[in-house]
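Take a look at the following structure, please.
The values are calculated or read from the model by the stated rules, or taken from the named source; none is laboratory data. Keep in mind that this is a model prediction, so the values were computed, not measured. A quick note on method: Cβ atoms are made from the backbone with ideal geometry, for glycine too, and the neighbour counts reach across all protein chains shown.
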Amino acid sequence: MNELDRRDFIRSVAGAAALSATDFAAPTVTPEAGPVFLATWPHGKPAADRAAEVFHSGGSLLDAVEKGINVPEDDPKIMSVGYGGLPNEDGEVELDAAIMDGTRHRAGAVCAIHSIKNPISVARLVIEKTRHTTLAGEGAYQFAIKEGFKPMQLLTPASLQQWLDWRSTPNHEQFWVNPANHDTIGFVATDGKGHVVSGCSTSGTAWKIHGRVGDSPLVGCGVYADDNVGGASATGDGDIMTNYCTSVSIVHNMARGASPQDACVDLIKHMAATDPRNREAFICVIAIDNRGRAGAASMNAGPKFQYAIWQNGTSKMADAIVVY
Ligand code: SD4
């Protein structure tokens, strides 16, 4: 991005941030546009399918996103989300999740929660049962227990083995500077009637320091949704992405008229222009607008970023645009 583009981007994001809700254009929705579900990575496909099922059997859009995200959370083979997610440096699985309702402009989030396999469902209850937005660590765990969640060991034989292998590797502390294991489920959805929801759930970067919180559960970073515009989510190196408030930046760029696809690419170019080292980083984003138009982009080609898109009764995998 040249300096002029960069200034334009910053101006557009800052300008959008200064807008009040009433300044945004009213949702322009094609009647009967139908719901669209977008979810990151191959494990996003069963999640999007489940979300569509829940929605079509009468669930709300929030129910759909929550239950969709529960699919990889419950799957022990997905080692970056929920049960079976890789643990922190002490061998304990700590999960982050957030869900944001674009109608109420309300998010619920839990950070570094242990022993609970469905953090997205706890995050949902933070919205529904409290006036708080974010609960962390032991407090998030205690809240989940009070709400009837059952504690369990989240390590599986496979994730325990990976942790033991890592621990026996000489100089394994290198993870403090070189993040390991990425994937995560990021989710954005619209009902085709102008309502938008964004959700995200992860075990975060493997071997992280106890208490480390990534971008996924932070409102504006891992999730953002506004019915007046659209929603966004992110996956990748949260220690970098948090500093760019990726999801809110994308949505505010869309509020200024960018398509979801252009808004994803703009954000990535902005990150690369701000710090050229970001070109080597693992940064992937998805977005949807309140008309159901989708966008996705990744900083570079490794690893190849794919996302699932459910639309018009079927889901398929799509390749995101690679910016560098
Ligand atoms: C994190 N952003 O905790 C998450 C991990 C992730 O693809 O998304 N990996 O940094």
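How many of the residues making up segment 210-240 are closer than 24 Å to H132 by Cα, within 13 Å of the ligand (Cβ to nearest atom) and either outside any helix (DSSP H, G or I) or in contact with a strand residue (DSSP E or B) (Cβ under 6 Å, 6 or more places away or on another chain) (or both)?
13
Moving to a separate point now. When you go through (1) more than 16 Å from the ligand (Cβ to nearest atom); (2) modelled with pLDDT of 95 or more; (3) at positive phi one by one for P157, which number turns out not to apply?
Result: P157 passes all but (3).
I would also like to ask the following. Run C284 past the list (1) in a helix (DSSP H, G or I); (2) closer than 25 Å to I309 by Cα; (3) within 15 Å of the ligand (Cβ to nearest atom) and report the number of the one that doesn't hold.
It fails just one condition, (1).
Given the condition under 29 Å from V251 (Cα atoms) and surrounded by fewer than 16 Cβ atoms within 10 Å (Cβ to Cβ), answer yes or no: does some residue in segment 71-85 qualify?
no
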